[in-house]
Amino acid sequence: MKRFGLFLFAIVAIALMFSGTALAQGDASYYFVTYYSNNVSGAPDGTVRFINDGDTGTTLYADIYVFDDSQELQACGSCPITPDGLLSEDVKTQLTYNTCTTRVPARGVIKVISDSSSIGYAYGPSPTAGLRGWATHIQSAANKGAGPFTTTETPVADSNLGAYEDSGVEALYELCFYATIGSTGSGICSGGGTINCSAEDHDF
């Protein structure tokens, strides 16, 4: 009986240990990717939403980098989100309204860094976990950019901010810097390339 009691105690202790570990675990990602599609006239608007989970207790910035389907950076910007706040960005009217090429890409990739930098610039991030995001995707039944359209929503995908995009020749913040600084017409970005952040907690 004594051995059985010790056995039960050990089982309970192990269960509590694993339970505590599970409760202590969290998603420490600070780099996310998703896509947008059928960003065309007549189709519904896609939306990207991010919340600040409040873990840091401070304002975080969603540093957003928008690419077309030719891997070219089209726009970038940094949007603040206070603890427990919600940021909603419309793909048509905010993320692709003011692109480098002055055209609206029909499809592409959106990358986001969760940033704690007090500067709040997409070309000077301090990657810090704390943002969580979702995106709606506009699907075409004909698969050729024509209706009827349907809308799906998925969490943005956690990714790895490797050396190539963090500090290499294709560093996201360097691309953004040159795109926005060179937006006068003589640089690599002639159309503006800056994202118009929506007011926090102004959902669509």
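Values in this text are rule-based calculations from the coordinates and carry no lab data. Small disclaimer: the values here were computed from a predicted structure and weren't measured. All Cβ positions, even for glycine, are placed from backbone atoms using ideal geometry, and neighbour counts span all protein chains on display.
Just to confirm a number: summing +1 for Lys and Arg and -1 for Asp and Glu over residues other than ASP201 whose beta-carbon lies under 12 angstrom from that of ASP201, what do you get?
Numbers: positive: ARG49; negative: ASP84, GLU200, ASP203.
So the environment of ASP201 carries a net charge of -2.
Under a point spin-label approximation (7 Å from Cα along Cα-to-Cβ), what is the ALA146-ALA163 distance to one decimal in nm?
Using points 7 Å along Cα→Cβ, the separation is 4.9 nm.
Beta carbons within 10 angstrom, averaged per residue: use that to sort the peptides 92-100, 108-116, 37-45, highest first.
The peptides rank, most packed first, as 108-116, 92-100, 37-45.
So for LEU73, LEU60, fewest C-beta neighbours within 10 Å to most, what's the order? Mind showing how you got there, number by number?
Values: LEU73 24, LEU60 31.
So the residues, fewest neighbours to most, are LEU73, LEU60.
Taking N as the number of residues in the range 27-181, what is its alpha-carbon radius of gyration divided by 2.2 N^0.38 Å?
Details: Rg = 15.1 Å, N = 155, 2.2 N^0.38 = 15.0 Å.
Normalised Rg, Cα atoms only: 1.01.
Below 12 angstrom from the Cβ of ALA122, what's the summed charge of the other residues (Lys, Arg +1; Asp, Glu -1)?
Counting the neighbours of ALA122, the net charge comes to -2.
Could you list HIS202, HIS137 in order of exposure, starting from the residue whose Cβ has the fewest other Cβ atoms within 10 Å?
Listing HIS202, HIS137 from fewest to most nearby Cβ atoms yields HIS202, HIS137.
If you stretched the chain out fully between GLU174 and TYR35, how much longer would it get, using 0.36 nm times the residue separation minus the C-alpha to C-alpha distance? Spell out each step's value before the answer.
Numbers: separation 139, 0.36 × 139 = 50.04 nm, distance 2.13 nm.
47.9 nm is the gain from fully extending GLU174 to TYR35.
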